[in-house]
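Asker: Below is one structure. I have some questions about it.
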Amino acid sequence: MTSVAGRAVLLASLLGCLRGCTGELATELPYQCTPSGHRVLGNPYRSVSYSAAAMSGKLCDRTLDRGWYRFQIFGKYAEMPTECVQVSQCGTDAPMWLDMGGRNYPSPGESAKHVACAAWSLGTQLSLQDCCLYSFPITVTNCVDFFVYNLLPARGCNMAYCATEGRKRCAPGQISPDGFAPCRESFPAILGLPTITPIILEDVLLKCTYQGLNSGQTSLKGYTVSWYKADSMDSFQRVMSEDTFANFAFINPRNYFHMGDKIICSVQAFFNETRELKSPAVESEPFEASIKVSPTSLEILEDGQPHFLIFESTMPIMCANKDAPCSIRVALTIINNEFQFGSDVVLSECFIDFRSRVCLEPRCRRASVLVTAVTDFTHDGTRTSLIVTGAITSTDIFWDGFDPADVQVTVQDVRTAQCYAFTEPHFITFDRKKYDFYKTGTYVLVKSRIREFEVHNRIWNCGGLIDQVSCSCGFVAREDNDVISVDMCNGNVFETTAEVKIRSPLPLSDGVKVKEARNGTKITIEFPSGGFVRADIANWGMSITVQAPSVDFNQTLGLCGMFDGNPDNDFHDAQGEPMNIIMKNKQANEFVEQWRLRDGGMFNSGLTTVPFRLQFPSCSCSLSMLGVPNSLFPSEDLDCIDGISCMARCTGNEGVSRMEIVKSLDMTSMYNNVVTFPWEQRVKRADYEEFPETATTDMHQDAKKEHKMTKRFTDFLDLGNGPQFGDYGPESPFFFTDDGNFGSPLVDTYFFYPDHAPTDLQPVMTEWPTATGITEQQALDICERTIRNSSLGLACGMDALKTDMFIQDAIEVCLGDIQMTDNIFWSDHAIPLLENQCEAAVVRDRTLWKVNVLELQMDMVPPENIVRALNCPKNCSGNGVCSKLGCVCTAGYSSHDCSQSDADVPELLRLENNGVCDWRSQSCRRVRVTAREFQEGRAMECHLTRLESSSAETAIFQSQASYINKRSALCHLPSLSEGATADKSLTRWKIKMSYVGSQMSSGLVFTVYDSHCQQCDWTSSCVLKEDACLIDSMCYQQGQVNPEDQCLQCIPEQSVDKWSPNTENLPPVPEDSPLLTFFVDDTVKYQILATDPEGSAIMYTVAAQDNTSDVIISPDGTLTWPAARQGDHSFAVILTDECGASALSILQVRVVLCGCRNGGQCVLPTASNSDTDATNQAELPRYICSCPPEYSGTLCEVSTHGCMSNPCIHGHCVEENAVFSCQCDEGYMGSTCLTPMDPCAAEPCYHGVVCLPGYNQSYTCGQCPSGYTGDGVHCEAIPETHCQWGCPRRMICDPSRGCVCKEGYAGYRCHQAVCNPSCRNNGYCVRPNECVCLMGYSGPTCETAQCEPECQNGGRCVLPNVCTCKYGYFGPRCQILTCTVNCANGGYCITPNTCKCPQGYTGPTCEIAVCKPACRNGATCVRPDNCVCLRGFQGSQCQTAICNPSCRNGGTCVRPNMCACPTGYTGANCAIANCEPRCLNGGRCFKPNKCSCPSGYRGRKCHKAICVSGCRNGGECIKPNVCMCKTGYRGSNCQTPICRRPCMYGGRCIGADLCQCRPGHTGTYCQETTSHSRYG
C-alpha cells in the first residue's frame, strides 16, 4: 500500500499536471523554457537508433558549452533516453543517457537534478559493457510541452549525449507525474448523458441513471449526483446532492417536486483515491413531471376520419392504499366561440383516465382519445376549436391542481353535396351537371372508391302518351355490411307500393336509420357516415336523392358524377376516365350505359360481407356533459375511484350532425336487429320493452336484465287521444307486414325485363307543342303557378335563400315532365326536388339561422318561414294548425297537409292522360283515377254519366272500381253500344267515385275521341279537323273511301257530313297490244288484258266503226273478228270500271295475202300441222307453202336447179353437180354476193395516213406525214436543203428549219433527254421517257415507292419502306388488324369492321343472338335459342300467352291477360258464368244458365219465391213466405176466406163470399130459413 508521503507527492504532481493540462499554472514557466533560455541539439545522429560503426567522424561533446539544451530529431521533439544505451550508438563511441534513479520526470514547470551516465565497453563483448562508466550531475526542467537539460561538456572525445523520440503528452482528462506518457485518467469519464426515469418501489421514485467509462485504474469510481428543479423563470435550483458509488441515484418526488415541475440530475465522477478531482458536471435532459399531449395541435379535414390524441403521463400512478385501485382523471372540454355553427369537433371520450398499474413501460401511463371533425353538412370554412383539459383534483398533493396543456384543433371544411334523380328521371349530379335519361334498367347511381358505399337504382317504364317515359322505381343502398332497399319495381306501374327491406343478414349497425315522413311518401335511409338516400314516392315510381358526406369528396363514381367540384368530368367510364360525350336533346345515353348492371346488381345478389369496421363513440364534450350524464345520450357509469366524482362515458354518435328540418318518424325499430358498440352485447330491437312479450323473446331475457332498454325513439307511436298529427297518424303501408316479419334479410329477387332488353342509345326526341297541343308557354305558366307561387316556392326563393337556382331547377324538371308525358298533372311532382334542395341549402348556410329568442336559448334555429313551408305544406290547406311536428289537423281532416277530409268522399285529383283518350291508338275501356288518398280495403264504385251534346236524355252507368294503391284506382267504361246515341267520334263521360253506401265525389270529365276527325288538346277542348269528315257519327279521314261503296269518298272541301264522289278513282290500265298480222280469211282472236288500280271489275266495249259490225268481244276482253279484207285495220276497245272511269285500248291488225313464191301454194294448217291456239298468235306465216319440186324454202324462194334462178346478186354464178357458188364482183362478198365490202380493209393509203370510207365503195386518204408531200395515197419525201452536212446524234433534219432535236430530246445540241411526265422523287431521265430511279422507288416516272416486304391488307407504300395503312390496320407493313367494332359473345374480327360470329349469334358485332325457331310475340332472343319473353308470354319461343289470373272454366289464354271463354262464360278470366235471362232475386250464376238461389227462392232463374207453408186457395208466393192472396182470401198462406157480409145463423165462411150454412138456413149469407124442419 502506498505510504501517506507517497500519496501526497502523487497528489501534488497530479494537481500540477491538472493545472498544466488545463493551461492554468500558479506561476509562469522558468526562463530556460523560453526560446531564448535554451539551445537546441538537433543532430539526427544523436538518435539511439543510429550506429557509429560506419561513421568516420563521430560526435564528441567535449567542447559543448555548459547550459540549457533541448533535444530534437529531424525537427521533432526528443528526450534523453532514461535507460542504458548500447555502446557505439548515437553517432559516438560512448553514448550518454539520463539515469533517473527510479524517480519520475519533474512536474510541469518544475526542475529536478539527475545523473548523466556514459556507457563504455571494457572488452569486445557486449556483456562487458559498463552503462555508467562515467557520470556527472544534470538538471532537468519540465516545460510542459518539452524538457530542457542543463548539460556539462563531456570528459573526453567520442563521447556525446543521446536523444530518443519524445513521449506523447497526456490527452485532456488524463494525468501522469510529468504530463507525458504513460498517462492515466484524472477522473472517471461519464458515458453519455444521465437519464431520469420513474420507477415504482415502495413509492414512486425518480431514478437518475448514468454510466462511467471503464478504465484501467484500480481505484474505486464514485459519483456526485445533484437534483435540480426549474423555477418560474426556467432557472434550475438545486434541491439535493449526494455521493454514491452506484450507477444510479433515487429521489422521492413527493418530498421535493410537484406535477408540472421540470427536473434534471447533474452527475460528476471521481476516483475514490482522488475525490478532490471530479469530472465536469454532466446534466440530464430535463424531465418534466407532466401529462404530455401529442400532437400539441391538430389540423384535420372534415372527412370523418378519426385522429389519435395521445395523453402520456411521465409519472406512474401509485395508490395510497396499494390494495385498492385508483386513477387520475382529466376532464376534456371543447370550446368553440362560433356557437351558431355548432360543435365542429367530437371526441371519443370526454375525459382521460390514468389508472394505477404496476408497470413502468410508457404504454402503461398512456391514454388516448379520438378526435374527429364533425360532418356537419354546413359550409363553415376553416374553424378552430380548443380542447381544454381540466385541472386534476386529488388528495395527493403531488397531483392536485395540475392542468395539462390544451390542444388547438383546426378543421378545414370539406364539401358535401346531393345528387338528384327526379321523375323521368332528370339527373343533377353532385357537381350540378344536368342531363336526362329515358331508358330503363338497373344502374350504379353512386359508388365510393375508398369505402363500402354504393347505391343502385332501377328505372322502369312509367307510362305517358309515349312509351319512352321512364322513372326510378327502387334503389338498394349499402354502407359497410348494411344493405337496405326501397323497391316498387316488382309489378306493373300504378299497381305496386314501395317496400322497405333489410337485405343484410347481420343486425343493423348503430347509426343506421329508416325514417318516414309525409304518410310514407318520403322515406330516408340514413347511414353512420352521414350519407343518406331518400325516396320521394308517387304512384308512378319514385324520385331519389343521395346525400354524399365529406368523406366521399373526390372519391365517387357512377351516374351522380365524380364529386370533385368540376362538372365537366362527371361523364366518365367505369375506370373513372372522363368521356367526351355531346348530349343529344339533353340526354347522355352513352355515359349512362357505362353504368348499366345487366345482372341486376344488389337487387339480385346477396351480400358479401366486409371486415367489421369499428364505430367509435363520439361526443361534443360540452360543459353540460362534465357533471351529470347528459340525458340525451345513454350513459354507462364507471366506478368512482379515489373519491373523484363519476363521469358519464361517451356512448353517443355526434360525429355526424345534420339538422333535420323536415320532421320524420324514426321507423328503424320496425326492422331487424341493431348493432351496438363492439364491446357491448348485441340486442335485437324486438327486445325493447315496448314490444309485447312473446315466446320468441324468451332467449333474450338475460340480455334484458343486463341492458335495461327504455322507450326512446318509439314514444311518438303512443299518441293517445291527443290531437292527430297529420304526418304521423295513419299507419304506414311501407313498414308493416301481416306476418310481423319485419326486415327479412333474404334477398327477394324477381325478373326485371329492362335488365335483359337490348341496348338502345338513340335519344328520345321531344318537341313543343305536345301531341295534345300543350305549348311551352302554357307549360311554363303551369309550372310557375305550381312551384314558384306555392307556399314552398315563396319561402325558398330569392328573398330567403338569395338565389333562384332551386326554383329554376324544379321548373326545368316540371317542363320536362309535361313535355314527355303530355300531362299537366305531373307539374307537382317536381315540388319534392325543391323541398330537398331548400332543406339542404338551409342546413348548408348557417348564416340564415337566427338565435332562438322565443325559448331563451343560445342555440340557433333555421328560418321559421322555411321550416313552416317544409313541414306544413300549403299552410295545412287551411284545415289545421302548423306545429313543430307538422300540421295538427282540425277535426274532420287528416293527411300530412290536412287536405283529406274524413268524410267518406274520395277527393279526385286527376284522370289519366289529362282526361283525354284517342281510341284509335289507345284502349279507352278503362281510365286510371288519381285521388288524394283512397282507403284501402273499402269497396269503391265508379259513377259514369255520358254527357250528350244534344238534348237527349243522359244515361248513368255504375261499375265497381279496381283499387291499385292508396292514390290510384281504375274505372271501367261501358261500351258505346250501351249509350243512348253512340257517337264514336267524340264521347264525354263525367266520372264520380264513392265508397259503397256513401256519397259521390265531385266529377271529372273523361273525353274519348277519334283522332281521324277530332283534334283534342290537354284541356279536353275538341274541334273537327279540317281534313276529315264526320258522316253518320263516324270519323273518316280525307280521301278515305266509303267501306260499302268505293265510288264514294270523304272530301271535306265538298262536304264534311256526306259522301262525295270518288274523284281520285283511276281508270283501268290496259296492257300494250302488239301489231297483229294475219292472212286473208283468217279469224283474229285476241284477248285484251287490263288492270284496275282500285281492283274494280272492268267492262269491255268496242267503239262503233265501219269495220266493227262483225267484231265480237267477250266480258273477259277476248276480241274475235274474221279477216276478210287485205289491209291494215284498227279496233278501239273501251275499258270502263265500276265507278265509270274509262280508258281506250287500240288493237291494230294487218291482213296480208299468201306470200308463197315461184308457184308455191298456201295450204291452211291442219290439226296435224299445228296444235297451237289462234288467240294472241301473231307469228308469220299463218299458212304453209307447198313448193314445186324445183324450189324449196319457207316461201319457196330457193331453187333446187343450180344457177337457173340467178341467185348471185352482184357476181357470177358457177354451178357444179346442181350446186351453185357465186364469184362476187369487186366490193361485194357473201354467198349470194349481196354484202358490200369495206373499201379501207386493203389499206389503200400511204403508210401512216388515215383511210376514211366513202359512199359506193369509195374512200378518202388523209394528209401525208411531216416531211412528205402527196395525195395521201402516194407520198414523197421533201428534198433536204438545210442539212447538207448531216445532223449530229439525237438530231434530225427539218427541211424548213435544218437540224432539230429528235423527239424526246432538248437542250443545247439536244444533250438532255426529256421524260414526259417528268421523273419524280429525284429520279434521272436518261433516255426519252425513261427514268432511272433512286433506291426505294420504281415505276416509269419513279412515282412508286418500294416497300420490302410489301404493304399488306391494302396498305399503300408512300415512301421507301413506309406504308400508309387502310382504316382498321396498323404496323410497319399494315400487317396488324385492329377491330373498330367490339365483337361480342366470342366473335372475332376478320376485317376491321366485320366480326366472325360463333354459331348462335349474328349482327355487326355478334350482339344479336339467334333463336331457331324465332321468338314470337315480341320476345327478345338474348342467347342462342333462349328467348326472353315480354310480360304476358311464356314458352321456349314465347308462343304461349299468360293470363293472370289463369283462364277458368275451359277458357283459352289467347293474349296476355285475355281469355277466349267457352259458351256460357265471360269475364277477364272466364270466371263469370252467363245466365240468360239473368238470375233474379239475388241469385248467383254459378254455371251457364244455372243459378244458385238464395234462401227463399227457387226456379231456373230464382224467379219463384218459396213459401214454406204454401199459398192456398189460389194464392201466389211472391216473396219468401209471403203470399199474394186472391180476392176473397187472406192470411199468411191465404188460408182464411173472406165473406164481405158475415154468415148468419151460425154459418161459417168457407170461401170467398161463400158461407156454409147450418141446417135450416140457406142463402148467400145463410140469411134465409128453409120451410121444412126436422119435425116436419
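The values are calculated or read from the model by the stated rules, or taken from the named source; none is laboratory data. If you're wondering where the values come from, they're calculated on a predicted model, not measured in any experiment. Neighbour counts are summed over all protein chains in view; Cβ atoms, including those assigned to glycine, are modelled from backbone coordinates with ideal geometry. Side chains included, ligands, DNA and RNA excluded: accessible areas come from the protein's heavy atoms. Shrake-Rupley method; radii C 1.70, N 1.55, O 1.52, S 1.80 Å.
Asker: Name the strands (runs of 3 or more DSSP E) wholly within the stretch 123-194 that hold at least 2 residues that are among the β-branched types (Val, Ile, Thr)?
Answerer: Ranges flagged: 129-142.
Asker: Okay, moving on. Quickly run through the stretch 884-897 and pick out the residues that are assigned to a strand (DSSP E or B) and either surrounded by fewer than 16 Cβ atoms within 10 Å (Cβ to Cβ) or at positive phi (or both).
Answerer: Once the filter is applied, which keeps residues that are assigned to a strand (DSSP E or B) and either surrounded by fewer than 16 Cβ atoms within 10 Å (Cβ to Cβ) or at positive phi (or both), the stretch 884-897 yields only Gly886.
Asker: Answer yes or no as to whether Cys1047 is open to solvent by 30 Å² or more (accessible area, probe 1.4 Å), part of a strand (DSSP E or B) and out of contact with any His (no Cβ under 6 Å at 6 or more places or on another chain).
Answerer: The answer is yes for Cys1047.
Asker: Considering (1) over 28 Å from Ile1184 (Cβ atoms); (2) open to solvent by 20 Å² or more (accessible area, probe 1.4 Å); (3) touching a Ser or Thr at 6+ places or on another chain (Cβ under 9 Å), say which one Gly1117 fails and leave the rest.
Answerer: (2)
Asker: Checking Thr1341 against (1) within 30 Å of Asn1321 (Cα to Cα); (2) open to solvent by 30 Å² or more (accessible area, probe 1.4 Å), which test does it fail?
Answerer: Unmet for Thr1341, out of (1) within 30 Å of Asn1321 (Cα to Cα); (2) open to solvent by 30 Å² or more (accessible area, probe 1.4 Å): (2).
Asker: With respect to Glu912, determine if the residue is out of contact with any His (no Cβ under 9 Å at 6 or more places or on another chain), charged (D, E, K, R) and at pLDDT below 85.
Answerer: It is true that Glu912 is out of contact with any His (no Cβ under 9 Å at 6 or more places or on another chain), charged (D, E, K, R) and at pLDDT below 85.
Asker: A follow-up question, please. Let me confirm something: among Cys872, Cys887, Cys876, Cys882, which residue is modelled with pLDDT of 80 or more and under 17 Å from Gly520 (Cβ atoms)?
Answerer: Cys887
Asker: Check whether at least one residue in the stretch 181-203 is surrounded by 18 or more Cβ atoms within 10 Å (Cβ to Cβ), farther than 30 Å from Tyr228 by Cβ and touching a residue at least 12 places away in the same chain (Cβ under 8 Å), and report yes or no.
Answerer: Yes - at least one qualifying residue is present in the stretch 181-203.
Asker: Return the total of residues in the stretch 999-1041 being of a type in the set (A, V, I, L, M), under 30 Å from Met940 (Cβ atoms) and open to solvent by 70 Å² or more (accessible area, probe 1.4 Å).
Answerer: 1
Asker: Output the qualifying pairs, or none if there are none: Cβ atoms under 9 angstrom, residues six or more apart or on different chains, first residue in the stretch 1512-1527 and among the basic types (Lys, Arg), second residue open to solvent by 100 Å² or more (accessible area, probe 1.4 Å) and in a strand (DSSP E or B).
Answerer: Lys1526/Glu1516
Asker: Which residues, counting only those in the stretch 1361-1389, are part of a loop (DSSP other than H, G, I, E, B), open to solvent by 50 Å² or more (accessible area, probe 1.4 Å) and not polar (S, T, N, Q)?
Answerer: Lys1366, Tyr1367, Pro1372, Cys1379, Gly1386
Quick grid of which residues meet (1) out of contact with any strand residue (DSSP E or B) (no Cβ under 7 Å at 6 or more places or on another chain); (2) modelled with pLDDT under 75:
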{"residue": "Arg1125", "(1), (2)": "no, no"}
{"residue": "Ala1141", "(1), (2)": "yes, no"}
{"residue": "Thr1166", "(1), (2)": "yes, yes"}
{"residue": "Ala1174", "(1), (2)": "no, yes"}
{"residue": "Pro1189", "(1), (2)": "yes, yes"}
{"residue": "His1201", "(1), (2)": "yes, yes"}
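Asker: Can you pull out every residue in the stretch 76-101 that is touching a helix residue (DSSP H, G or I) at 6+ places or on another chain (Cβ under 9 Å) and either farther than 22 Å from Lys168 by Cβ or assigned to a loop (DSSP other than H, G, I, E, B) (or both)?
Answerer: The answer is Gln86, Val87, Cys90, Gly91, Thr92, Pro95.
Asker: Residues of the stretch 1394-1425 being of a type in the set (A, V, I, L, M), open to solvent by less than 30 Å² (accessible area, probe 1.4 Å) and in a loop (DSSP other than H, G, I, E, B), which ones?
Answerer: Ala1419
Asker: Could you say whether any residue in the stretch 1067-1089 is under 24 Å from Asp1027 (Cα atoms) and open to solvent by 50 Å² or more (accessible area, probe 1.4 Å)?
Answerer: No, the stretch 1067-1089 contains no residue that is under 24 Å from Asp1027 (Cα atoms) and open to solvent by 50 Å² or more (accessible area, probe 1.4 Å).
Asker: Can you pull out the residues in the stretch 301-330 that are surrounded by fewer than 18 Cβ atoms within 10 Å (Cβ to Cβ), among the aliphatic types (A, V, I, L, M) and not in a loop (DSSP other than H, G, I, E, B)?
Answerer: Selection gives Leu301, Ile310.
Asker: Enumerate the pairs (first residue in the stretch 126-155 and under 14 Å from Leu41 (Cβ atoms); second residue anywhere and assigned to a loop (DSSP other than H, G, I, E, B)) with beta-carbon separation below 6 Å, excluding pairs fewer than 6 apart on the same chain, so at least 6 apart or on different chains.
Answerer: Pairs that qualify, where the first residue is under 14 Å from Leu41 (Cβ atoms) and the partner is assigned to a loop (DSSP other than H, G, I, E, B), are Val148/His38; Leu152/Arg66; Pro153/Arg62; Pro153/Leu64; Ala154/Asp61; Ala154/Arg62.
Asker: Only one of (1) within 30 Å of Gly173 (Cα to Cα); (2) at pLDDT below 90; (3) assigned to a loop (DSSP other than H, G, I, E, B) fails for Leu18. Which number is that?
Answerer: (3)
Asker: Further question on the same structure: Given the options Pro280, Pro286, name the one that is under 30 Å from Ser186 (Cβ atoms), modelled with pLDDT of 85 or more, surrounded by fewer than 17 Cβ atoms within 10 Å (Cβ to Cβ) and over 60 Å from the mean Cα position of the chain (by Cα).
Answerer: Unique residue meeting the criteria: Pro280.
Asker: Related question: Take the residues in the stretch 353-387 that are without any contact (Cβ under 8 Å) to a residue 60 or more places away in the chain and among the β-branched types (Val, Ile, Thr), then tell me which one is surrounded by the fewest Cβ atoms within 10 Å (Cβ to Cβ).
Answerer: For the stretch 353-387, the residue satisfying everything is Thr382.
Asker: Pick from Ala119, Ala78: which is open to solvent by less than 40 Å² (accessible area, probe 1.4 Å) and touching a residue at least 60 places away in the same chain (Cβ under 8 Å)?
Answerer: Only one candidate passes the filter, namely Ala78.
Asker: Being aliphatic (A, V, I, L, M), closer than 30 Å to Gln1046 by Cβ and open to solvent by less than 20 Å² (accessible area, probe 1.4 Å) is the filter here, so list the residues in the stretch 1120-1140 that pass it.
Answerer: Within the stretch 1120-1140, Ala1132, Val1133, Leu1135 qualify.
Asker: Sticking with this one: When the residues of the stretch 916-934 are narrowed to those that are part of a strand (DSSP E or B) and not acidic (Asp, Glu), which ends up surrounded by the fewest Cβ atoms within 10 Å (Cβ to Cβ)?
Answerer: Arg926
Asker: Follow-up. Only one of (1) surrounded by fewer than 16 Cβ atoms within 10 Å (Cβ to Cβ); (2) under 30 Å from Gly1254 (Cβ atoms); (3) modelled with pLDDT of 75 or more fails for Gly1211. Which number is that?
Answerer: (1)
Asker: Within the group Val514, Val469, which residue is among the hydrophobic types (A, V, I, L, M, F, W, C) and within 22 Å of the chain's Cα centre (by Cα)?
Answerer: The match here is Val469.
Asker: Further question on the same structure: Restricting attention to the stretch 763-779, does a residue exist that is over 26 Å from the mean Cα position of the chain (by Cα), among the aliphatic types (A, V, I, L, M), open to solvent by 40 Å² or more (accessible area, probe 1.4 Å) and at pLDDT 90 or above?
Answerer: no
Asker: Can you tell me which residue in the stretch 1315-1338 is modelled with the lowest pLDDT, limited to those that are over 60 Å from the mean Cα position of the chain (by Cα), buried (at least 17 other Cβ atoms within 10 Å of the Cβ) and part of a loop (DSSP other than H, G, I, E, B)?
Answerer: For the stretch 1315-1338, the residue satisfying everything is Gly1323.
Asker: Can you find, within the stretch 61-75, the residue that is most open to solvent (accessible area, probe 1.4 Å) among those that are in a loop (DSSP other than H, G, I, E, B) and either touching a strand residue (DSSP E or B) at 6+ places or on another chain (Cβ under 6 Å) or under 19 Å from Gln32 (Cβ atoms) (or both)?
Answerer: Ranking the candidates gives Arg66 first.
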